[in-house]
Amino acid sequence: MATKKIVSDRINKKGYYFIIPFVLVYLLFNFWPTIYTFILSVGDLKGLKKSFKIIGFGNFVRLVTDKYFWGSVANTFIIWGLNFAPQLGIALLLAVWFTDVKLRLKGTGLFRAVFYMPNLLTAASVALLFKSLFGYPVGPANQMLLGFGLVEKAYQFDRNGWALRFIIAFIQWWMWCGQTLILLMAGITSISPSLYESATIDGANDWQCTWKITVPLLRPIMFFLLITSMVGGMQMFDIPFLLTDMRGGVNFMCRTMAVYLYNIGFQGTNQYSYAAAIAIGMFIITVVLSRVINWLTSDHSRVKHAVEEAK
């Protein structure tokens with residue numbers, strides 16, 4: 001017994017040696033930058049200043065009253081909402097079609113690959129591609145509109161804030177719809193076919209099977225997609241940054257929180273401490289929103305729904 005205990009202790013100690021590289025990398029490139037951001041947010045570092053002193057929560061007081069920051073928050077939510085709602089809806093519809101055994105669609109593997117391919121492209125290259133597609137006055141989009149007689153002269157998409165918002169939302173949808181589709185298809189194929197067979201025997205049609213079986217059982221996956229999409233949406237930077245004038249376009253209508261952070265921290269007066277406060281603000285907004293979504297989709301909402309049905 002003593003020999004086994006000694007061998008077990010040696011194995012356990014050797015396990016720590018294997019995780020040391022990960023711990024060091026995490027502490028150096030993740031933990032310390034996070035701590036330094038908090039330290040920086042309560043300081044006054046900006047421009048070419050070498051001195052740094054703690055000034056308290058002055059940057060956060062400024063952040064709460066900064067109309068441009070709250071404007072960037074609104075822009076972020078608008079663009080993310082325009083992207084996520086059709087992304088989830090269209091992906092769910094396609095996932096149901098591709099996995100329907102009655103339809104027996106051919107080439108579903110090819111469809112999945114085609115839909116996922118945009119996700120393999122870098123966001124920077126996609127932004128530059130769409131910037132040229134909607135270019136003024138000789139971009140392909142303008143040439144098509146002029147060719148069909150929909151406009152009398154070339155349209156300046158970059159001078160219309162809502163047009164840019166829809167373009168950015170479409171790019172985000174185009175890039176991420178494939179991944180959403182694959183995850184939903186994986187969730188549907190994991191549902192036991194016996195549930196659908198029992199429902200069909202009881203007289204349920206295809207729509208009822210989808211709405212009463214597929215959608216409820218996909219709730220965990222849709223919750224995962226909602227959280228991950230929201231976290232990514234709050235950090236939206238490269239597409240709106242490169243598609244506009246790097247400041248959010250006309251009237252800053254496409255300036256997201258991440259773009260505003262970059263403008264404050266690395267353009268103009270280089271207000272590093274205030275940019276760090278913006279980063280903390282983004283973090284707080286993301287955490288609060290995640291908790292709200294978690295609460296709304298938790299057992300509390302299901303219990304409330306059951307009580308309402310009982311009444």
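For this structure, a couple of remarks:
- Look at (1) part of a helix (DSSP H, G or I); (2) within 26 Å of Asn75 (Cα to Cα) and you find that Ile188 fails only one, number (2).
- Of all residues in the stretch 155-176, exactly one satisfies the criterion of being within 25 Å of Arg112 (Cα to Cα) and touching a Ser or Thr at 6+ places or on another chain (Cβ under 8 Å), namely Trp176.
- Qualifying residue in the stretch 87-99 (condition: modelled with pLDDT of 90 or more, in a helix (DSSP H, G or I), more than 17 Å from Met175 (Cα to Cα) and open to solvent by less than 90 Å² (accessible area, probe 1.4 Å)): yes
- Residue in the stretch 59-74 that is outside any helix (DSSP H, G or I) and open to solvent by less than 80 Å² (accessible area, probe 1.4 Å) present: yes
- Ala204 being part of a loop (DSSP other than H, G, I, E, B) and modelled with pLDDT under 90: yes
- Filtered residues of the stretch 113-134 (kept if aromatic (Phe, Trp, Tyr) and assigned to a helix (DSSP H, G or I)): Phe115, Tyr116, Phe130
- Tally, over the stretch 55-105, of residues that are over 29 Å from the mean Cα position of the chain (by Cα) and closer than 30 Å to Leu164 by Cα: 0
- The single residue among Phe115, Phe52 that is more than 25 Å from the chain's Cα centre (by Cα), surrounded by 12 or more Cβ atoms within 10 Å (Cβ to Cβ) and modelled with pLDDT under 90 turns out to be Phe52.
- Residues satisfying the stated conditions in the stretch 249-267, i.e. among the aliphatic types (A, V, I, L, M) and crowded, with 19+ Cβ neighbours inside 10 Å: Met253, Met257, Ala258, Val259, Leu261, Ile264
The values are calculated or read from the model by the stated rules, or taken from the named source; none is laboratory data. If you're wondering where the values come from, they're calculated on a predicted model, not measured in any experiment. All Cβ positions, even for glycine, are placed from backbone atoms using ideal geometry, and neighbour counts span all protein chains on display. Ligands, DNA and RNA are excluded from the accessible area calculation, which covers all protein heavy atoms including side chains. Shrake-Rupley method; radii C 1.70, N 1.55, O 1.52, S 1.80 Å.
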